[in-house]
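Asks: Below you will find the structure I want to go over with you.
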Amino acid sequence: MSLLVFVPLFASVYLRICAAGGQEPETVRLSVFPVYWAVWVGFANLVVGELLNDSSVYRYEVVHVYRFFTWSSLLGGDVTLSVWVDNITLLMCFVVFTIWIHVDMFVPYYMGLDRGIERFYSYLALFTFCMLLMVTSEDLVQFFIGWEAVGLCSYLLINFWYTRQQANKSALKAILLNRVGDYALMCAIIICFVDFGSFNIYDLTAVAVTQGPVEWFSIYGVEITNVDFIGFCFFIAAMSKSAQFGLHTWLPDAMEGPTPVSALIHAATMVTAGIYLLVRMAGFLVLSPGLLTFISVIGALTALFGATTALAQSDIKKVIAFSTCSQLGYMVMACGSAHFSLAFFHLLTHAFFKALLFLCAGVIIHTMGGEQDLRRMGGLRRQLPIVYVAMSIASAALAGIPYLSGYYSKDLIIGVLWFQNTWLGFFCGTIAIVSAFCTSIYSASLSHHAFMGVPKWSANRAGIMYSIAVPCFSSHAPLVSLSFFSVFAGYFLKDALVAPDLGIFPGVFAEFVTIPNLILRAEFAPVWFKFLTLFAGFSGFIYYAIVRVGQSAFAYHPGVSLIKTYKFLFYRWCVDLIYSFYFVGCYMRLSHLWQYLTIQQQVLDEWCLDIFTKCTRQGATLVIQSHGINPKTYFKCFVLGLVVYSFAWLVLIEPIDALYQMHLMELQLKTR
């Protein structure tokens, strides 16, 4: 297992070396692709052997630790390069590696003619290694290194088409907004070491639970403990990486990168790193009930924001991006209710059908010659039948249609939130159901506008004809494989993850659950609740089947009475505008006021130059007055002295210096 983690790193280095040697990128990729599949088979065998074995040893948390060497020993806290393997890391590594292989298989179809494709392959492999390094870390220092490396690789991948200005801006926006979470994570790590004396993730959790929180200060009578602050810092880090409301603005703009990048980064890896951090640091979060409430509220706002904003978008990739934002909100709500097993379960199922959605969108965009506007598509089901079936499966799984992977995980989260019998549970459960309605509508909208109706792809407004690209094995094989996972992953993983009697997570997270038996109550919910969630999943498809057949969708041609609502949703709840005006605008105005008006004009132009000019003038006046010379006569003397000095240098000093140098050379020759 320890060697499997480093395979992507070796592949990245090998690809760069072969590319520097002038070899064909596709030949080099095909030479290492069998190794990828061999490693994937190894991960699959470990998953089946560890998680689905009937032995009770494998039913609960199984830990294998491979320590390679110690980086440093700081005040008794050892920082080691290690690979920590338990059931959580094993499943996460399997999902990351699976999505990477499918994306790597899809790249030749989508980007086969791009320049620098070998660099893209290398970046993909390096990103995968950094993600695996973070997932399998035993201590927070290695986790932070992987966390930072993932952000760096995402910048390189989003900015792969570096000649596009918008791609440059999007990559910078992503890495700058993630700086907020990076600083928060660094503060949490430092405080953990200062208060608990260790970097080890599992030792920290045990010590925090044993010692309990220690009060630091109080604000308006509210006590703030060290555990509260540490958990808050961890959650801020998760907010930035997992695009929660307030720090989400980088995710839609990151769609400027290549579509395979979106399938890897924005489906199963980077955006889920924050959820994985919350799952790993569950011991800190459950010690702060107020923090769990805050997490639930932020998750609910994110789910509602992503679902409603996706209704008003016409860019196919941005619709899927806001869908990702909404589903991440579901995972955060599950963490806020202390059901981390459900959050992780939805993370796994979501990875498969969301990667499938992005790859289907990539085939459509490539077929349409780069067009991403849903209003210019339609009627593609006859040209792309396999893509039509695959996207229908992914959209249905996203909407929560029964017996697909999304149904098992999302409905359990909604049920757990609804049956908490608290105001917070009612609030989050209501928002989850409303978001499910919106999810069903835009999921049906994707398939309807891309594949159904009258074809609009024959010509755009300029009259340029689109050509239907011929799909190939590298485009269809990943779609078929991911469709299988999108259908059956939830069914096969449900008992292993969340079943109260057979699951692995009750042995890990049962002590963190604040309200027991909620999963059972959600599983055996009343009939009316089952029908409600079922109708929420089917509502969008019923809407497009009955109301919108042959008509324009609300998201693209709203009525006069809904124009303000449409603008509000189209402009993403105006969050970007608020940030641009109040934060960026204020920063620019303060920079102009401070740097240009204050420093440049007052300090440099007025004070420094005026002082220098006055000092020079006063000094010259004193010299003139002390010698009693007329300024004109003084200037003539200055010019005459300059001429005499130049003549003396050219005629006397330079020849004498040359003779002296020749004399030194003669002395050196004699001494030899």
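The values are calculated or read from the model by the stated rules, or taken from the named source; none is laboratory data. Please read these numbers as outputs of a predicted model, since none were measured by experiment. Reconstructed Cβ throughout: ideal geometry from the backbone, glycine too, with neighbour counts over all protein chains shown. The protein model used for the area step is the full one, side chains on, heavy atoms only, and it has no ligands, DNA or RNA in it. Shrake-Rupley method; radii C 1.70, N 1.55, O 1.52, S 1.80 Å.
Asks: Is one or more of the residues making up segment 162-177 more than 20 Å from the chain's Cα centre (by Cα) and surrounded by 15 or more Cβ atoms within 10 Å (Cβ to Cβ)?
Replies: No, because not a single residue in segment 162-177 is more than 20 Å from the chain's Cα centre (by Cα) and surrounded by 15 or more Cβ atoms within 10 Å (Cβ to Cβ).
Asks: Still on this structure, please answer the following. Gly290 passes all but one of (1) closer than 30 Å to Phe97 by Cα; (2) in contact with a strand residue (DSSP E or B) (Cβ under 9 Å, 6 or more places away or on another chain); which number fails?
Replies: (1)
Asks: Looking at Tyr202, Tyr183, Tyr162 in this structure, which one is part of a helix (DSSP H, G or I), within 30 Å of Lys318 (Cα to Cα), of a type in the set (Phe, Trp, Tyr) and out of contact with any Leu (no Cβ under 7 Å at 6 or more places or on another chain)?
Replies: After ruling out the rest, the residue left standing is Tyr183.
Asks: Return the total of residues in segment 306-322 being surrounded by fewer than 24 Cβ atoms within 10 Å (Cβ to Cβ) and part of a helix (DSSP H, G or I).
Replies: So the count comes out to 4.
Asks: Further, regarding this structure: Taking Thr422 as meeting all but one of (1) free of Cβ contacts under 8 Å to residues at least 12 places away in the same chain; (2) open to solvent by less than 20 Å² (accessible area, probe 1.4 Å); (3) among the polar types (S, T, N, Q), write down the number of the exception.
Replies: Exception for Thr422: condition (2).
Asks: Has segment 585-594 got any residue that is touching a Pro at 6+ places or on another chain (Cβ under 9 Å), assigned to a helix (DSSP H, G or I) and either modelled with pLDDT of 65 or more or open to solvent by less than 80 Å² (accessible area, probe 1.4 Å) (or both)?
Replies: no
Asks: Here is a further query. So if I check each of Val207, Val150, which one is open to solvent by 10 Å² or more (accessible area, probe 1.4 Å), touching a Ser or Thr at 6+ places or on another chain (Cβ under 9 Å) and in a helix (DSSP H, G or I)?
Replies: Val207
Asks: Looking only at segment 282-305, which residues are hydroxyl-bearing (Ser, Thr, Tyr), assigned to a helix (DSSP H, G or I) and open to solvent by less than 20 Å² (accessible area, probe 1.4 Å)? Spell out the reasoning first.
Replies: Of segment 282-305, the ones hydroxyl-bearing (Ser, Thr, Tyr) are 288, 293, 296, 302.
With assigned to a helix (DSSP H, G or I) added as a condition, the list becomes 293, 296, 302.
Listed by number, the residues that qualify are Ser296, Thr302.
Asks: Scan (1) touching a His at 6+ places or on another chain (Cβ under 8 Å); (2) open to solvent by 10 Å² or more (accessible area, probe 1.4 Å) for the single condition Asn200 breaks and write down its number.
Replies: (1)
Asks: Go over the candidates Val107, Val141 one by one and state the one that is in contact (Cβ under 8 Å) with a residue 60 or more places away in the chain, assigned to a helix (DSSP H, G or I) and either buried (at least 23 other Cβ atoms within 10 Å of the Cβ) or of a type in the set (Phe, Trp, Tyr) (or both). Lay out the reasoning, then the answer.
Replies: Numbers: Val141 fails: either buried (at least 23 other Cβ atoms within 10 Å of the Cβ) or of a type in the set (Phe, Trp, Tyr) (or both).
Sole residue among the options that is in contact (Cβ under 8 Å) with a residue 60 or more places away in the chain, assigned to a helix (DSSP H, G or I) and either buried (at least 23 other Cβ atoms within 10 Å of the Cβ) or of a type in the set (Phe, Trp, Tyr) (or both): Val107.
Asks: Continuing with this model, one more query. Look through segment 354-373, keep the residues that are touching a residue at least 40 places away in the same chain (Cβ under 8 Å) and open to solvent by 10 Å² or more (accessible area, probe 1.4 Å), and return whichever of them is farthest from Met270 (Cα to Cα).
Replies: Gly369
Asks: Another one. Give the number of residues within segment 498-518 that are surrounded by 15 or more Cβ atoms within 10 Å (Cβ to Cβ) and either touching a Pro at 6+ places or on another chain (Cβ under 7 Å) or modelled with pLDDT of 75 or more (or both).
Replies: 2
Asks: Could you figure out which of (1) modelled with pLDDT under 75; (2) open to solvent by 70 Å² or more (accessible area, probe 1.4 Å); (3) closer than 25 Å to Thr249 by Cα isn't true of Phe568?
Replies: (1)
Asks: Related question: Output the helices (runs of 4 or more DSSP H) that fall wholly within segment 225-281 and possess 1 or more residues being open to solvent by 10 Å² or more (accessible area, probe 1.4 Å) and out of contact with any Lys or Arg (no Cβ under 6 Å at 6 or more places or on another chain), or say none.
Replies: Filter on segment 225-281 gives 226-241, 270-280.
Asks: Same structure again: Which of the numbered conditions does Gln165 fail, given that it passes all the others? Conditions: (1) within 19 Å of Ala243 (Cβ to Cβ); (2) without any contact (Cβ under 8 Å) to a residue 40 or more places away in the chain.
Replies: Gln165 satisfies every listed condition except (1).
Asks: Which one of these is more than 18 Å from Phe419 (Cβ to Cβ), more than 31 Å from the chain's Cα centre (by Cα) and modelled with pLDDT of 80 or more: Phe492, Phe535, Phe485, Phe531?
Replies: Only one candidate qualifies: Phe535.
Asks: OK, next. Can you name every residue in segment 136-159 that is β-branched (Val, Ile, Thr) and touching a Lys or Arg at 6+ places or on another chain (Cβ under 9 Å)?
Replies: Val150, the sole residue that qualifies.
Asks: Scan segment 392-412 residue by residue and report those that are among the polar types (S, T, N, Q) and either open to solvent by less than 10 Å² (accessible area, probe 1.4 Å) or more than 16 Å from Val319 (Cβ to Cβ) (or both).
Replies: Residues of segment 392-412 that are among the polar types (S, T, N, Q), as a first pass: 392, 395, 405, 409.
Within segment 392-412, Ser395, Ser405, Ser409 meet the criteria.
Asks: At pLDDT 85 or above, within 30 Å of Asp203 (Cβ to Cβ) and either assigned to a loop (DSSP other than H, G, I, E, B) or open to solvent by 10 Å² or more (accessible area, probe 1.4 Å) (or both), is that true of Val95?
Replies: no
Asks: Residue by residue through segment 245-274, note down the ones that are out of contact with any Ser or Thr (no Cβ under 8 Å at 6 or more places or on another chain) and under 20 Å from Val297 (Cα atoms).
Replies: Scanning segment 245-274 gives Gly246, Thr249.
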